[in-house]
Each structure stands twice: as structure tokens, then as C-alpha cells.
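Shown next, in C-alpha cells, is the structure this report addresses.
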Amino acid sequence: MKIERKPPWLKVKLPSGGGFQKLKGIINENRVHTICHEAMCPNVAECSGNGTASFLILGDKCSRRCLYCNVKSAAPDKVDSSEPGRVANAVKLLDLKYVVITSVTRDDLPDGGASMFAGTIRAINTALPGCKVEVLTPDFMGNVEALQLALEAKPFVFAHNVEAAMDLFDKVRPQGDFKRSLDILKEAKRINCRQKTKSGMMIGLGESKGQIIMTMEALRNCEVDIFTIGQYLQPSKSNCRVARYYSPDEFLELEEAGYKMGFSFVKAGPLVRSSYLADEVLG
């Protein structure tokens, strides 16, 4: 199948400048990872220029192999109990008002890494009181006790991404489960009805617009508050190919549709990723 060239609206600047160098230096000094670099996020230049980042905890090796993702799939690293403190120190040095903490999927751990999410939230709150913390977690294999452990640390936003349209989910996330993802988001609201929840997806993997709308509706039916949607970009030859590129106008239509469904905040655009400008939810 012949794939059209990337359209001009997908061109981004290469990372450079003082903000990027400062971020890179702090990351290296504190021996922490960011999903910005591991997943080859197209917004790394803009976000680093603003002095923001999304931190990746629990190592940089994932226990799953999703066909759209560039994060390494391998036997995961040992859990490092000092990591929450190092992440918190990096956040403090960057003087962030809003930070996103995510992780590789750790199906090898009994709690899926939930205790490390909780520890990282608490470490950041101690190091930099007032900094809002958003966590973007895996599905914890549906473990409600693990979810509760993460939520007890009181993240400002609890996020879990479905990533793909429901009809393509099994194809691109063979070790995941769409219903399990929905259940985690639904359970987060049951545990704390005031908890802000968030999910996101990428499009361009071969889904129809009708399938996109159905996926958005399924998320809204779980009372998800915040929704993000962006263009899938193939990070390497071993990942899924791009089936089509959506235009900025099409993303605008999806954003409007999201607001009509009742999402309190929607971010849609070709280069939008779950953590991109996440602090905009503060208003």
C-alpha cells in the first residue's frame, strides 16, 4: 500500500536551544527518563523550549509490545526505590507547575508499578508543593487494588490512554484489552467521583471516522473528563504503517464533537499527544 508523504503541517523543529539543553542536563544528572525522548514525541522541541517534560518511571523497557510504540520491549529493569526522589529533584530543578508521570507497562510486578506512581506523586508534592501532578498509567491488568493505591496519593489528573480506536485495539495492542482499559477509567471515578480522568488516542491506523466517534463515546460513557486525539506517526520500520493523514480541519471537527459529547476539555490536532500542553487543563 502506497502511503502519501507527510503533509506540511506535520513538520516540526529539531530540538535545540537553552531550554532543551537545560532539560537534557537535568535528566542526565538525575538519571531519569522522559517519554518525550523514549517515544520520539514530535513535540519535544516545543516542550523542552518551555521547560516542561513528561517523566517515564520504572525503567525504559516495557513488558508489552504494542505495534505503534517505539519504547523498547524487553525484560524490564529492577525497580529502583530511589527513582521517585530523583524524579522529584528533576521536577524541582525545572521549577514545573505541572508535570506528567508515566511508565512502561510492568506486568511483571504484582501491583503493576502502582506503588511507584504513588511514591513519585508524594515525592514531588514534598519537593515542590503546589506542582500539579498528572499520572498516565498502564491498565494494571485490571487490578483495582493497584489502581486504588495510585489514587490514594491524590494525583491532580488520572490518565489512561486507549491509544487506538476500539475496532483496531486488539490488532495494535495485542496484550491489552479495550474493555479493561474502559473499566480502569470507570473504576477511578467510582473510587473518587471528584477525580479528574483523562484518555487519549491516535488516528491514522486505518480506522473510520465512525469508529473514532464510537471510541470517544465509549470513553465519555465512562465519565472521562479530558480527551486528547492526535495523528499517528510511524516511529520505525517495525511499527504499524500510517494508513492516512488527517487534516487540521478534521481534527477541529473531532474536537467540536468531543465537546458536544460532554468532555470538559478536548485537545485535538495532528501533533497532539496525551501529555502535550497538559497544563492547559488548568485554564
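The values are calculated or read from the model by the stated rules, or taken from the named source; none is laboratory data. Computed from a predicted structure; not experimentally measured. Every residue, glycine among them, receives a Cβ derived from its backbone with ideal geometry; neighbour counts consider all protein chains shown.
Are any residues in region 127-160 of a type in the set (Gly, Ala, Ser) and surrounded by fewer than 17 Cβ atoms within 10 Å (Cβ to Cβ), and if so, which ones?
Answer for region 127-160, where residues must be of a type in the set (Gly, Ala, Ser) and surrounded by fewer than 17 Cβ atoms within 10 Å (Cβ to Cβ): Gly130, Gly142.
Identify the single condition in (1) at pLDDT below 95; (2) surrounded by fewer than 21 Cβ atoms within 10 Å (Cβ to Cβ); (3) under 20 Å from the mean Cα position of the chain (by Cα) that Tyr232 does not satisfy, given that it satisfies every other one.
(2)
Outside any loop (DSSP other than H, G, I, E, B) and touching a strand residue (DSSP E or B) at 6+ places or on another chain (Cβ under 6 Å) - does that describe any residue in region 234-251?
yes
Is there a residue in region 97-112 that is at pLDDT below 95, under 15 Å from Ile184 (Cβ atoms), in contact with a Gly (Cβ under 7 Å, 6 or more places away or on another chain) and small (Gly, Ala, Ser)?
Within region 97-112 (the criterion being at pLDDT below 95, under 15 Å from Ile184 (Cβ atoms), in contact with a Gly (Cβ under 7 Å, 6 or more places away or on another chain) and small (Gly, Ala, Ser)), the answer is yes, since at least one residue qualifies.
Check every one of the helices (runs of 4 or more DSSP H) wholly within region 128-207 and list those with 1 or more residues that are closer than 20 Å to Pro110 by Cα.
Counting at least 1 such residues, we get 144-151, 178-191.
What tally of residues in region 238-283 results from selecting those that are under 17 Å from Tyr68 (Cβ atoms), over 18 Å from the mean Cα position of the chain (by Cα) and modelled with pLDDT under 85?
Result for region 238-283: 1.
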